[in-house]
Amino acid sequence: MLSEFDLIKQYFKRHRPGRAALGIGDDCALLAPSPGMQMAISSDMLVEDRHFFAGADARMLGHKCLAVNLSDLAAMGARPVAFTLALALPAAEPAWLGAFAAGLFALADLHGCELIGGDTTKGPLTICITIFGELAPGHALRRDAAIAGDDIWISGTLGDARLALAGYRKEYALDDAAQRMAGTRMHMPTPRVALGLALADARLAHAAIDISDGLVGDLGHILAASNAGASLNVDALPAGQVLAAQPQALRRQFCAAGGDDYELCFSAAPQQRAAILAAGAASGTAVTRVGTIDAAPGLRLMDAQGRPLDLQLAGFDHFANA
């Protein structure tokens, strides 16, 4: 049976140069930002049967647990540097650990993000990552920076992750191919790090947030922090490939309030439209303009013709949605 320290050494300690002055193996890691830069820090926890199904594919889970943290850095316009991993395991199973580590490090290496420490213990499967990024002072994309008259933009597509969940729960019937395709969006989201960096480095965007709990809920955080309102064209929301083939009512619901998308929602001045489209193209990320920041408070949902929609939508809440 693997001991705690053997587990760390075999699956998570890597002998390769990184940014940390001191990494795994001591009481603390030592990490310093580049000269003149600020550190951006975020933590996310994933709990079995709450954030992922029991028996979830370990490699996909390794990807997702880091992807959701990278998405937070993307929303701030920060460049990934390093992360820590706290892992509670029911048992130390070599096959599971190998697959989990492979998924984790494949995404970490793609973004040059180094594992520098953490903890392991026995218990219900729970994964907690704290991630560290860096960015220039004054360049952070903050939730409180939206300005009346700004365009509202969305990266990528929305809704396929929620559609996959509906399929798994038998709330909605999908054929096997559609379920697999939508499931990929749920299990292996793509953090929009390159787009976030482009928006922040060139100061193209004002406010930003990543869409984890549903667009209307997450956009609501921007509006509350910025003391603003918004008009949102629900029919302009970019539906995922599988969701796009479903009825309009389902498209509207899952695009606007689906959750687990890990796309960026951001606001920017209208004169930046060409530059934002260019930044999206350069980062390989589609971007879609879907609404406007208003001075009047509240979120107004519209159809493609600008007519009000009476949709009862809310973002996910970890305690209300038990």
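The values are calculated or read from the model by the stated rules, or taken from the named source; none is laboratory data. The shown structure was predicted, so the numbers you read here are calculated from the model rather than taken from an experiment. Every residue, glycine as well, gets a Cβ built from its backbone with ideal geometry; the counts of neighbours run over all protein chains shown. Surface areas here come from the heavy atoms of the whole protein model, side chains and all, with no ligands, DNA or RNA. Shrake-Rupley method; radii C 1.70, N 1.55, O 1.52, S 1.80 Å.
Within segment 269-297, residues that are part of a loop (DSSP other than H, G, I, E, B) reach partners that are open to solvent by 50 Å² or more (accessible area, probe 1.4 Å) with beta carbons closer than 8 Å, at six or more positions or on different chains, in the pairs Ala269/Ile147; Ala269/His206; Ser283/Ala194; Gly284/Ala194; Thr285/Ala194; Ala295/Ala148; Pro297/Asn227. In segment 278-298, which residues are open to solvent by 40 Å² or more (accessible area, probe 1.4 Å), of a type in the set (A, V, I, L, M, F, W, C) and farther than 15 Å from Asp150 by Cα? Ala278, Ala281, Ala282, Ala286, listed by residue number.
Mind checking which residues of segment 72-86 are open to solvent by 20 Å² or more (accessible area, probe 1.4 Å) and part of a helix (DSSP H, G or I)?
Hits for segment 72-86 are Asp72, Met76.
Among the residues of segment 208-232, just one is in a loop (DSSP other than H, G, I, E, B) and of a type in the set (A, V, I, L, M, F, W, C), namely Ala228.
Taking segment 207-223 as the region of interest, how many residues are closer than 23 Å to Met186 by Cβ and out of contact with any Cys (no Cβ under 9 Å at 6 or more places or on another chain)?
Step one: list which residues in segment 207-223 are closer than 23 Å to Met186 by Cβ, which gives 208-221.
So of that shortlist, the ones also out of contact with any Cys (no Cβ under 9 Å at 6 or more places or on another chain) come out as 212-214, 216-217, 220-221.
Matching residues across segment 207-223 total 7.
Considering each residue of segment 251-262 in turn, none proves to be under 19 Å from Gly291 (Cα atoms), more than 14 Å from the chain's Cα centre (by Cα) and among the acidic types (Asp, Glu).
Of the residues making up segment 240-251, not a single one is of a type in the set (D, E, K, R) and either out of contact with any strand residue (DSSP E or B) (no Cβ under 8 Å at 6 or more places or on another chain) or open to solvent by less than 20 Å² (accessible area, probe 1.4 Å) (or both).
One line per residue, one yes/no per condition, for (1) within 26 Å of Ala202 (Cα to Cα); (2) open to solvent by 50 Å² or more (accessible area, probe 1.4 Å):
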{"site": "Leu7", "(1), (2)": "no, no"}
{"site": "Gln10", "(1), (2)": "no, yes"}
{"site": "Asp27", "(1), (2)": "no, yes"}
{"site": "Phe52", "(1), (2)": "no, no"}
{"site": "Cys65", "(1), (2)": "no, no"}
{"site": "Leu70", "(1), (2)": "yes, no"}
{"site": "Leu89", "(1), (2)": "no, no"}
{"site": "Cys113", "(1), (2)": "yes, no"}
{"site": "Gly118", "(1), (2)": "no, yes"}
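Within segment 123-178, the set of residues being among the aromatic types (Phe, Trp, Tyr) and either within 26 Å of Val290 (Cβ to Cβ) or touching a Pro at 6+ places or on another chain (Cβ under 6 Å) (or both) comprises Trp153, Tyr172.
You will find that of Asp261, Asp235, the residue that is touching a residue at least 60 places away in the same chain (Cβ under 8 Å) and not in a helix (DSSP H, G or I) is Asp261 and no other. How about segment 96-106: which of its residues are touching a Leu at 6+ places or on another chain (Cβ under 9 Å) and either among the charged types (D, E, K, R) or open to solvent by 10 Å² or more (accessible area, probe 1.4 Å) (or both)? If the condition is that a residue be touching a Leu at 6+ places or on another chain (Cβ under 9 Å) and either among the charged types (D, E, K, R) or open to solvent by 10 Å² or more (accessible area, probe 1.4 Å) (or both), then Trp96, Ala99, Phe105 are the ones that fit. Does segment 216-227 contain any residue that is farther than 20 Å from Arg300 by Cα, of a type in the set (Gly, Ala, Ser) and open to solvent by less than 30 Å² (accessible area, probe 1.4 Å)? Scanning segment 216-227 turns up no residue that is farther than 20 Å from Arg300 by Cα, of a type in the set (Gly, Ala, Ser) and open to solvent by less than 30 Å² (accessible area, probe 1.4 Å). Among the aromatic types (Phe, Trp, Tyr) and open to solvent by less than 30 Å² (accessible area, probe 1.4 Å) - does that describe any residue in segment 310-319? No, that holds for no residue.
Of the listed requirements (1) in contact (Cβ under 8 Å) with a residue 60 or more places away in the chain; (2) over 14 Å from the mean Cα position of the chain (by Cα); (3) under 30 Å from Ala205 (Cβ atoms), Asp109 misses just one: (1).
From Leu232, Leu215, which residue is closer than 19 Å to Asp160 by Cβ and out of contact with any His (no Cβ under 9 Å at 6 or more places or on another chain)? Exactly one residue qualifies, and that residue is Leu215.
Of all residues in segment 9-61, those that are of a type in the set (A, V, I, L, M) and assigned to a helix (DSSP H, G or I) total 3.
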